[in-house]
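Here the structure comes first, spelled out in C-alpha cells, and everything after it is commentary.
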Amino acid sequence: MPSTKSVANSSDKWVRRAGAAAQDYRQGVQNPRTSWQEATEAAADAQAAGVQEAIADGRFAKGVAAAGNQKWQSKAASKGADRFGPGVQAGKVDYERGFAPYQAVLSSITLPPRGAKGDPRNLERVRAVAEALREAKTSR
C-alpha cells in the first residue's frame, strides 16, 4: 500500500524529533562506540578511493551546479551569519594553537633589505616569507 505521508509531513516530523535530540547528540559525541580518530585513520584508503571516484565522475562540479548560487547565498546569509561570531569565539584557542607555529616563523625570518617603491628586489622579501611559511606548513 502506498504511503499517504507527504514530504512536508515527513520533514515536519524530522524537525520535531531531530530538534529535540540535542542531548542525545551531545551524549553520543562524548561517549562514542568507537574512537573517531582510530576509525577515521583506518578508513584513509577508502576515503582516498572515494575521492578519486568522485573526481573521475565529476561529482564536485555536479553538486555545485545542483546547489547553485542561490542556495549557498541563502543558507550562508540566514544560518551562517548568525553562527559566525559565536563560532569564531569558540575557536579562539584553536586559532591560537594553529597560528602559533607560523607566527614563530614570521618572527624569526631575516628579510633582505627593502628597496625603493617598485624595486624588483622587494619581491625577494615576499619570496622569503612565502618559502618560510610553506616550509613550516609542509614539515608539520
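Every number here is computed from the coordinates shown, using simple stated rules; none is lab data. Note that the structure is a prediction, hence the values are computed from the model and not measured. Here Cβ is always computed from backbone atoms with ideal geometry, including for glycine, and neighbour counts include all displayed protein chains.
So, in the range 85-113, of the ones that are part of a loop (DSSP other than H, G, I, E, B) and loosely packed, with under 11 Cβ neighbours inside 10 Å, which residue ends up nearest to the chain's Cα centre (by Cα)?
Taking the candidates together, the pick is T110.
Kindly evaluate V64 against the criterion of being among the β-branched types (V, I, T), within 27 Å of K137 (Cα to Cα), without any contact (Cβ under 8 Å) to a residue 60 or more places away in the chain and surrounded by 10 or more Cβ atoms within 10 Å (Cβ to Cβ).
No, not satisfied.
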